[in-house]
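Working notes, structure below.
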Amino acid sequence: MKKVMVVGASGVLGRLVCKELLRIFNNQVTLVVTDYKEDRGEKLAKSFNQEVIFQYLDITNKENISKVIKNIDIVIVVLKQQNPYIQKACIENNIICIDVTPFSDFAKKIQSLYQVTEKNEVGSIVMSGFFPGLSGLMVKEAVSNFQEVTEVNIGLLQNTNAEAGISGILDMLKIISQRVHYYEDDKIENISGFTTKRKMYFEQYNEKEVRLIDHAEKDFLRQKLKVEKINYWTSWNKNFFNKQISLLKKLGIINTIVKLNNNKFLSKIVKHNPTKNENAFLTVEVKGKIDNKDRIKTLTLSTFSDYHTTAMVTAVLAKVTVHKKIEGVVCPFEIIDLNELLSEINCKDIILKEFIK
C-alpha cells in the first residue's frame, strides 16, 4: 500500500483530507499524520477506525523534515509554509508533493527549487482544491471546443456559514486586498480588488452580483491554455456581508487584519452553524467562437461544502499520482480532466451543469 503523509492534519481541512484519502483509496493506503503538538497528533491518529501513524513534524526544521518523510510515497501539505522546505525535501527524495496553497508567490518559490536542483523527474502539484483547483479544471473543460476564446470569467459564490476555519478566511481576505489586472475590451487596467462588480449565473440563485479579484491560478491558466483575457470574481451569499467586507477594505482594516494575522477579530464576525448548509458555487463563463459562430458557454457547479470539496479534489489527485508520471511544478488541470475527477470523487452532492447560447 502507498504511504501518504498529511502535513497539517489536525486542522479543519487536514482532517477532511485524511477522511477523503481513506475513502478515495478504499482504505488501501497507509495514512501518516503530522503535528508539532505530540498529544494532539497522537489523539488525531487514534480517532480513525483504522491504524493511522503519527509523526512529530516541525515545518521550520529541515533536518526533522528530511527524517520524517523518508519512505513516504506522497506528501500532502495543507498548512502554510514561509519557505518550501517540505517541497525541497520531497524533490531530494523523489517524493510527490501536493499543496493547497492559493498564492502565486509560494508557487514561484517551488518553481525556483526545481531550477536550482535541475531535477524535474518528480512532480509537485500546487493550488489543489476547490478554488483554485476545480475552478481551473472547469476552465479547461469549458474552453475545450472553442476555435477562438475572447474572454473567460470565473465566479465563486461563497457561503458565510462555510466551515473554512480562520485561516481560510484570512486567505480570501488576502486575495481580496490585492490589486487586479482587469482585462476589458482591448485595455488592461490595474484596479483595486473587490470593487468592480458584475452579475453571474449561479445554480439555485439565478444571477448574483460578484466582485472582481486577483487570483494566482489566472496566470497558470493563461500560460498553459493560451487564453489572455481571464477574470476572477467572488462574493458571499449574503449581500450585507459583502457590504461589510467592502467597507472594511475601504477603511484599510482588511490590510491590517491580514498583516497582523488577526484571528481574534475574525472569530467574532465569522461563525459556523453546523445545523445550516454551507453550499458553495462555481461558474465559468466562456465567450468565443464554436463552428465559426459567436457563443457563450457556461459551466456551473454546486457543492455542499467548499472545504470538503477541496479535500476530495486533493485526495483524488493523490490517487492519480500513483498511476501517472508527474514532472516539475503543475496545477491540477494539467494532470486530470474534470469528468475524470468528478467520477473519482463520486459525490451526488456535487452537481455540474452546462449551458450554451
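The values are calculated or read from the model by the stated rules, or taken from the named source; none is laboratory data. Worth saying up front: this structure is predicted, and the values here are computed from it rather than measured. Quick reminder, even Gly has a Cβ in these numbers, built from the backbone with ideal geometry, and neighbours come from all protein chains shown. All accessible areas refer to the heavy atoms of the entire protein, side chains included, with ligands and DNA or RNA removed. Shrake-Rupley method; radii C 1.70, N 1.55, O 1.52, S 1.80 Å.
Taking every residue in the range 320-333 that is open to solvent by less than 80 Å² (accessible area, probe 1.4 Å) and pairing it with any residue that is assigned to a helix (DSSP H, G or I) and basic (K, R), at least 6 positions away or on another chain, the pairs with Cβ-Cβ distances below 6 Å are F333/K140. Filtered by the rule that a residue be open to solvent by 40 Å² or more (accessible area, probe 1.4 Å) and at pLDDT below 90, the range 195-225 gives Q204, Y205, N206.
Restricted to the range 2-59, the set of strands (runs of 3 or more DSSP E) holding at least 2 residues that are open to solvent by 10 Å² or more (accessible area, probe 1.4 Å), touching a helix residue (DSSP H, G or I) at 6+ places or on another chain (Cβ under 9 Å) and hydroxyl-bearing (S, T, Y) is empty.
Only one of the listed residues (E344, E334) is within 19 Å of the chain's Cα centre (by Cα) and over 30 Å from E118 (Cβ atoms). That residue is E344.
For the range 306-349, a residue qualifies if it is outside any helix (DSSP H, G or I), in contact with a Leu (Cβ under 9 Å, 6 or more places away or on another chain) and within 19 Å of N26 (Cβ to Cβ), and exactly one does: I336. For S128, the criteria (1) in contact with a Lys or Arg (Cβ under 9 Å, 6 or more places away or on another chain); (2) over 18 Å from T234 (Cβ atoms); (3) surrounded by 20 or more Cβ atoms within 10 Å (Cβ to Cβ) hold in every case but one, which is (1). The set of residues in the range 267-317 that are of a type in the set (F, W, Y) and in contact (Cβ under 8 Å) with a residue 60 or more places away in the chain comprises F281, Y307. Only one entry of E141, E92, E121 meets the criterion of being at negative phi, touching a Leu at 6+ places or on another chain (Cβ under 9 Å) and open to solvent by 20 Å² or more (accessible area, probe 1.4 Å), and that entry is E141.
Residues that are farther than 15 Å from N83 by Cα and touching a helix residue (DSSP H, G or I) at 6+ places or on another chain (Cβ under 7 Å) within the range 60-71 comprise just one, I69.
Here the condition is being assigned to a strand (DSSP E or B), on the phi < 0 side of the Ramachandran plot, in contact with a His (Cβ under 9 Å, 6 or more places away or on another chain) and in contact (Cβ under 8 Å) with a residue 12 or more places away in the chain; of I154, I98, it holds for I154 alone.
Filtering the range 159-183 to residues that are farther than 15 Å from F131 by Cα, assigned to a helix (DSSP H, G or I) and out of contact with any Gly (no Cβ under 7 Å at 6 or more places or on another chain) leaves only I166.
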